Amino acid sequence: MALLASLMPAAVRKRMDHWIALRNPPSEGAIHLYNRRLYILPTRFGYLYAMMLIVLLLAAINYQNSMAYALTFLLTALGIISLWQTHRNLLGLDVDLKTPAPVYQGEHLELCFTLNNPQQNHRYAVGIQYLNQVPAYTRVEAESEASLCLALPAIQRGLYQPAGFILYTRYPTGLFHAWSWLKFNVPILIYPQPLFDHQLEHSLMQDDNGKTRVDTADGDDFAGLREHRSGESLRHISWKAYAQGRGMLTKTFEGHATPSLWINWEDMSATSIEGKLSQMTALVIQAQLDGRKFGLRLPGIIIDQDTGSAHQAKCLDHLATYQQKNKNAELAVDAE
Amino acid sequence: MQNNLPIDRIAEETADRTSIVAVSLSFLVAMLPHFFNLPFWITGFTLFALMWRGAQSRGWLWAIPRWILVPLVLAGGISVFAEYWTIVGREPGLALLTVMTSFKFLESKTHRDILILVFLCYFLLATHFLFGQTLYIAAYMFGALIFITTTLITINQREENIALSERLKIASRLIGLSVPIMLILFLLVPRIPGPIWGITQEQRGGVTGLSETMSPGEISNLITSNEVAFRVTFDGTVPRQDQLYWRGPVMANFTGRTWLQHKHTELKNLNVGQTGQLVQYTITLEPNGKNWLFGLDIPTGIIEDSYMNNEYQLTSDKAVNDLKRYTLSSTLTYQLELEESLDYLLLTSEYPENSNPETLALGQRWAREYNSDTEIVNAALSMFRNQEYIYTLQPPVLGRHSSDEFLFSTRRGFCEHYASSFTLLMRAAGIPARIVTGYQGGEYNQVGNYLIVRQSDAHAWSEVWLEDQGWVRIDPTAAVSPDRIEIGLDQALNEGLSSFKIANRNPLIGKILYSWDNLQHSWNRWVLNYDQQKQMRFLSNLGLGIRTWGDMVIALVIGLVLITGSYWLISWYRDLPERPADYEIIINRLLKKLERSGYQRKPSEYLHEFLVRIEKEQGYQDEDLEKIFTVYNKIKYARGYQRENVIKRFRQLSQEWRLKQTT
């Protein structure tokens with residue numbers, strides 16, 4: 001199939017893709033695999049098998065050997081049965097894609113599918129593949145559900161739609177390849193890669209001078225870091241410091257009113273757009289961790305100061321899609 | 001299964017150990033019967049290659065690098081050539097295929113290699129049928145096919161570990177579903193008469209049967225084989241046992257010890273001088289690797305691709321390497337070649353002067369003493385009959401003058417001793433004589449109404465040429481042991497020879513053996529001989545109006561559509577989500593019955609409310625219906641009632657229930 005596709009002229013390829021897209025419209029919910037959704041072609045081994053059958057038939061004719069005829073016909077029948085069984089291995093499945101949790105650029109995006117088999121037949125070795133990525137396989141028992149996850153690299157920040165998935169099987173004999181093109185209307189959100197910059201963070205937070213430092217994990221204002229003591233809540237561990245390899249440190253707070261923070265586009269030290277966005281992402285994460293009230297100022301966008309995870313998500317959302325031209329672009333997995 | 005490549009590159013994946021072990025076992029299963037057909041070194045090399053590859057997959061041995069492998073492959077090819085001095089033909093071809101497949105094992109790395117090996121295993125199965133097509137072989141191959149298909153599933157299961165028993169079940173199901181399609185294809189695919197390319201004429205080794213020469217002891221070796229030589233179906237009555245002489249190779253040249261076939265020519269016209277009725281019969285001949293076709297006594301015609309030689313032996317143009325079936329008619333009373341050529345008469349009167357002096361002297365004395373040839377023949381027969389000659393399967397070993405020793409000192413011999421000495425005596429007496437080998441008798445199978453002729457029925461007799469009678473059959477063995485001819489070998493010998501005759505067994509076992517032989521015979525007749533002619537005849541007898549190729553193709557398409565369509569329907573039905581429970585179906589039927597009687601249950605109505613309404617309108621208490629409804633509620637809502645016997649009783653109750661007619 002891939003071989004066929006690579007041999008096709010670009011124009012034919014384009015028409016083919018158009019045809020495929022027409023027949024397999026993006027779905028909001030679960031996709032039911034019925035006859036019109038399923039395609040089947042012989043694999044390379046299927047063609048090899050067919051060649052072997054022709055040689056066997058010629059031998060049977062030449063030697064006028066009844067048993068050789070019988071064997072040839074039995075193997076031919078096996079091919080026909082394989083065609084049907086391979087097709088049947090997918091027929092009647094319901095496939096759904098859950099909206100994936102947003103990830104930061106550079107991490108792995110986990111796309112999890114639910115394969116529901118309402119029928120009485122077992123399905124074995126059902127694979128799913130996204131573009132040229134490594135496929136994942138599962139089996140679906142009779143009248144049950146299975147979940148199948150693909151881990152895809154999150155290469156570029158932004159809001160995406162997944163391109164078509166290929167759900168396929170070659171079970172049981174590998175002579176045929178049955179597949180379906182699945183397209184789901186599911187938003188995939190990739191936040192910018194956070195870039196932690198201690199200096200920048202410090203300069204932005206310098207207005208909290210003159211406060212009494214209290215060595216406590218409870219309080220409102222961030223006071224500093226100290227060695228983690230066992231038994232303390234994990235909520236106050238500085239994961240940023242941990243990520244930097246400084247070990248487990250507990251954030252200490254001062255018991256005064258939290259000063260609010262504006263994360264300004266102009267304040268960022270990086271020069272590139274992506275760099276600035278990365279720094280702002282890191283600040284959003286840090287501010288949220290600190291429980292600080294924060295707002296966001298991007299060119300043309302102002303998000304008022306607030307707290308809470310919904311607020312954080314909103315901010316990250318804007319950072320992710322900032323200046324993204326096509327918000328419905330298909331998720332790419334190869335760096336261009 | 002290592003799974004680190006996208007689908008379009010699955011073929012390049014490194015094969016895992018399970019696949020390698022599975023395909024190695026498949027190869028062994030596919031090869032096993034061939035190990036008896038192949039030279040020892042090939043079997044050894046095959047096993048070596050499999051073991052090396054197995055050890056390699058466990059990491060005990062390294063992969064043999066290509067620069068060593070390539071010269072080895074060449075050496076393997078040359079070795080096969082050196083073994084047979086050719087690489088075409090059945091055995092050399094098989095040897096080459098086996099050696100190259102073994103190399104492929106050593107070289108195999110990827111998923112692709114393994115799949116190619118599986119296909120080679122499938123291919124190897126077909127090669128067995130060139131060596132034999134008996135029911136046993138077919139059954140073995142069917143089992144092997146399921147095994148190889150299991151391997152194919154093992155390779156394609158990806159990283160799932162489906163249990164072996166489950167895989168075997170799946171493979172059996174696949175093959176089982178394939179069988180009806182195979183039958184349709186087998187019956188309806190138009191047969192093309194072969195061969196397409198030339199088949200090398202090779203003689204089969206290891207086939208038991210008559211030999212091209214006859215010397216003392218050769219036929220008695222055959223007697224211990226219960227293999228079937230051929231089976232015969234007669235049109236009409238079967239001739240008497242003592243008339244069943246199945247003519248085979250005729251021998252006219254004598255070296256003093258061994259009889260040889262004379263270089264014969266094709267007979268231009270038959271001079272049979274036939275009188276009396278012809279016997280019509282059909283022979284199913286097992287492969288004998290020779291050009292010989294056997295016929296009863298003197299056949300009066302020939303069959304396709306054969307000729308009659310000048311010694312009245314029916315000869316095939318090609319060696320009989322496959323089962324052959326032909327219909328002939330023969331005569332039992334005849335005057336054969338009254339005008340035999342002088343050259344041939346001279347040839348059949350020759351004998352070496354320097355061996356068997358006593359035999360020659362006796363023959364020459366008879367020639368002086370008796371007036372006619374008939375008297376000489378009778379003198380010889382009465383000598384065998386009246387003197388102390390013994391018919392035995394274990395005669396003493398004879399020296400240089402074998403005939404002299406036999407006739408005058410040991411006097412113990414088997415049919416070839418008698419035939420040989422008799423023929424030499426006749427020649428010494430100036431009567432043209434020759435040896436005829438073949439089979440005598442046969443066992444009648446009443447289950448299938450045909451005659452089984454086995455290798456153990458092999459026999460040798462004489463023919464003498466008498467001036468006014470032509471070639472006359474004289475069986476000296478009959479003079480010594482009439483039982484051999486009239487009853488059969490087993491009784492005649494009485495030497496504790498294990499009996500091949502089914503008739504001698506216990507009647508019940510005999511019945512089973514007859515049926516089994518009949519099954520083999522039917523297999524031969526119907527399955528193995530299903531050629532173009534038979535196909536046409538079978539299909540036109542079906543009465544479906546299939547007469548031409550076009551009809552066949554249409555029937556084939558219809559057949560395939562019907563079978564695959566029914567498969568599809570059945571699986572569609574079986575795969576459907578579970579149907580309602582039995583008790584629901586039963587109660588619905590009952591409610592339908594009530595509906596027809598005019599009582600429709602309202603959607604919101606409880607069964608017992610419904611019952612009360614019915615009883616009110618009917619005007620009596622229906623205890624049966626009440627019971628049914630109670631049982632239904634119990635089955636549905638109470639624990640422990642969903643048992644088979646409860647549901648059975650429930651079904652019975654509701655089926656028996658009738659609305660009583662109110663008066």
When every residue in the range A:105-115 that is surrounded by fewer than 19 Cβ atoms within 10 Å (Cβ to Cβ) and either in a strand (DSSP E or B) or among the polar types (S, T, N, Q) (or both) is compared, the one nearest to the other protein chains (Cβ to nearest Cβ) is A:108
Considering only helices (runs of 4 or more DSSP H) wholly within the range A:1-85, the ones with at least 1 residues that are of a type in the set (Val, Ile, Thr) and facing chain B (nearest Cβ under 7 Å) are A:44-63
Is it the case that some residue within the range A:87-95 is under 17 Å from the mean Cα position of the chain (by Cα) and away from every other protein chain (no Cβ under 14 Å)? yes
In a strand (DSSP E or B) and buried (at least 17 other Cβ atoms within 10 Å of the Cβ), is that true of residue B:326?
-> yes
Looking across the range B:389-404 at residues that are assigned to a loop (DSSP other than H, G, I, E, B) and aliphatic (A, V, I, L, M), the single one that is farthest from residue B:353 (Cα to Cα) is B:393
Q | Test result for residue B:596, surrounded by 11 or more Cβ atoms within 10 Å (Cβ to Cβ) and of a type in the set (Lys, Arg) | A | no
Quiz item: of a type in the set (Ser, Thr, Tyr), at pLDDT 85 or above and out of contact with any Lys or Arg (no Cβ under 9 Å at 6 or more places or on another chain) - does that describe any residue in the range B:539-561?
Solution: no
Considering only helices (runs of 4 or more DSSP H) wholly within the range B:1-107, the ones with at least 1 residues that are more than 14 Å from chain A (Cβ to nearest Cβ) and closer than 22 Å to residue B:154 by Cβ are B:17-31, B:40-57, B:90-107
Screening B:385, B:411, B:365 for residues that are basic (Lys, Arg) and in contact with a Phe, Trp or Tyr (Cβ under 9 Å, 6 or more places away or on another chain) leaves only B:411
How many residues of the range A:285-325 are closer than 18 Å to residue A:238 by Cβ and either in contact (Cβ under 8 Å) with a residue 60 or more places away in the chain or not assigned by TED's automatic domain parsing to the domain that holds residue A:250 (or both)? The answer is 5
Restricted to the range B:176-188 and to residues being within 7 Å of another protein chain (Cβ to nearest Cβ) and in contact (Cβ under 8 Å) with a residue 12 or more places away in the chain, the residue farthest from the chain's Cα centre (by Cα) is B:177
Among the residues of the range B:138-164, the number that are over 26 Å from the mean Cα position of the chain (by Cα) and more than 8 Å from chain A (Cβ to nearest Cβ) is 6
The one condition residue A:103 fails out of (1) modelled with pLDDT of 90 or more; (2) over 27 Å from the mean Cα position of the chain (by Cα) is (2)
Of A:151, A:136, the only residue that is touching a strand residue (DSSP E or B) at 6+ places or on another chain (Cβ under 9 Å), more than 7 Å from chain B (Cβ to nearest Cβ) and surrounded by fewer than 16 Cβ atoms within 10 Å (Cβ to Cβ) is A:151
Answer yes or no: is there a residue in the range B:68-79 that is within 32 Å of the chain's Cα centre (by Cα) and hydrophobic (A, V, I, L, M, F, W, C). no
At positive phi, surrounded by 16 or more Cβ atoms within 10 Å (Cβ to Cβ) and facing chain A (nearest Cβ under 10 Å): is that true of residue B:167 in this structure? no
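Residue-wise test of (1) surrounded by fewer than 17 Cβ atoms within 10 Å (Cβ to Cβ); (2) in the same structural domain as residue B:101 (by TED's automatic domain parsing); (3) under 17 Å from residue B:110 (Cβ atoms); (4) of a type in the set (S, T, N, Q).
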residue	(1), (2), (3), (4)
B:12	yes, yes, yes, no
B:16	no, yes, yes, no
B:19	no, yes, yes, yes
B:22	no, yes, yes, no
B:29	no, yes, no, no
B:38	no, yes, no, no
B:48	yes, yes, no, no
B:57	no, yes, yes, yes
Within the range B:6-31, residues being touching a residue at least 40 places away in the same chain (Cβ under 8 Å) and over 30 Å from residue A:167 (Cβ atoms) number 7
Requested in this report: Scan the range B:577-586 and give yes if some residue there is more than 14 Å from every other protein chain (Cβ to nearest Cβ), surrounded by 12 or more Cβ atoms within 10 Å (Cβ to Cβ) and modelled with pLDDT of 85 or more, otherwise no.
Outcome: yes
If we keep only residues of the range B:460-483 that are among the acidic types (Asp, Glu) and over 34 Å from the mean Cα position of the chain (by Cα), then the residue nearest to residue B:440 (Cα to Cα) is B:463
Taking first residues from the range B:108-137 that are more than 9 Å from every other protein chain (Cβ to nearest Cβ) and closer than 26 Å to residue B:518 by Cβ and second residues anywhere that are among the polar types (S, T, N, Q) and surrounded by 20 or more Cβ atoms within 10 Å (Cβ to Cβ), the pairs with Cβ under 9 Å that are 6 or more apart or on different chains are B:131/B:37; B:134/B:524
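The values are calculated or read from the model by the stated rules, or taken from the named source; none is laboratory data. Note that the structure is predicted; figures quoted are calculated from it, not measured. For neighbour counting, all protein chains shown are included, and Cβ atoms are generated from backbone atoms with ideal geometry for every residue, glycine included.
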